[in-house]
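The values are calculated or read from the model by the stated rules, or taken from the named source; none is laboratory data. Just so you know, these numbers come straight off a predicted model, no measurement behind them. As a convention, Cβ positions derive from the backbone with ideal geometry for all residues, glycine included, and neighbour counts pool all protein chains shown.
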Amino acid sequence: MTLDPPGKLWSYDQTVKNGRYHRRPRRQAQSREPGRGHDPIPVRSRRHPRVSRAAARANPTRIQREKTEAILAAALDAFSTQGYRGATLDQIAEAAGLSKPNLLYYFASKDEIHRALLDRLLDTWLEPLRALDPEGDPAAEIEGYVVRKLRMSRDFPRESRLFAGEVLAGAPRIADRIGGPLRALMEEKAAVIRGWSEAGLIAPVDPHHLIFSIWAATQHYADFDAQIRGILGTAGGAHFPAAEAHLVHLFRRAIAPARAGAG
């Protein structure tokens, strides 16, 4: 009995030769990079899931960067309007101007594209809260946070709907980020707001629910954009200045400390 030569990948089919069974070695599929007149042939494996080879490159070329961004932009449109289940790789590839095999050279699956978008979004989404300055004027800092969040809804409505869709589905792909970095940042800023409240610099408020209220009031303008436009009959961002003035006034009154001798 002889052992298989090391390093060989063997197929299950066998042939009879000279009265003995010989296994026929299986050729490994070769991947080809895009941009050379044909689409790449992704390497598939039952045991090991395919990974994004383009994303794994330390120094991607300009063309690779451009195609990656085109895929992510097309996917953002698809996911934000049709949801994760409704969007397909064929739709994303067509919108990005690529074939499906070419897209799979850059991202191994629809799930991988979705995760890449969410990772990028969460880094951006936390910036307005990070900017809350413990050393600043409490009222001005909270009002500034309201304005930053509303402007994100104006400038990044697709990203807001992508995040909302993920959370409504139970956050299966970002639960660790919500319970990790987001929760840690929330606790840090809640402690700041609680300190302002206890010092009498703002009204007694529950800091967590204050922040939740800001999220609800500002992100509504992205997530329910069609409803707002339908009711107001506005085009573009024409309604945002009035929305900003209203929300600043609303939260300013909500956090204003009680005047001495009032009541």
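Values as computed for the structure displayed
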| item | result |
| --- | --- |
| Boolean, Leu72 is among the aliphatic types (A, V, I, L, M), surrounded by fewer than 20 Cβ atoms within 10 Å (Cβ to Cβ) and outside any helix (DSSP H, G or I) | no |
| Filter pass, Leu232 being assigned by TED's automatic domain parsing to the domain that holds Arg161, in contact (Cβ under 8 Å) with a residue 12 or more places away in the chain and hydrophobic (A, V, I, L, M, F, W, C) | no |
| Pair list, Cβ under 8 Å, 6 or more apart: region 177-206 residue small (Gly, Ala, Ser), other residue surrounded by fewer than 17 Cβ atoms within 10 Å (Cβ to Cβ) and part of a loop (DSSP other than H, G, I, E, B) | Gly195/Pro134; Ser197/Ala203; Ser197/Pro204; Gly200/Pro257; Ala203/Ala256; Ala203/Pro257; Ala203/Ala258 |
| Residues (among the small types (Gly, Ala, Ser) and more than 19 Å from the chain's Cα centre (by Cα)) located in region 205-226 | Ser213, Ala217, Ala226 |
| Close pairs (7 angstrom Cβ cut-off, 6 or more residues apart or separate chains): without any contact (Cβ under 8 Å) to a residue 40 or more places away in the chain in region 111-129, in a helix (DSSP H, G or I) and of a type outside the set (Val, Ile, Thr) anywhere | Trp125/Phe163; Pro128/Tyr145; Pro128/Arg148; Pro128/Lys149; Pro128/Met152 |
| Residue selected from region 152-174 under the condition over 11 Å from the mean Cα position of the chain (by Cα) and touching a residue at least 12 places away in the same chain (Cβ under 8 Å), by the criterion surrounded by the fewest Cβ atoms within 10 Å (Cβ to Cβ) | Ala169 |
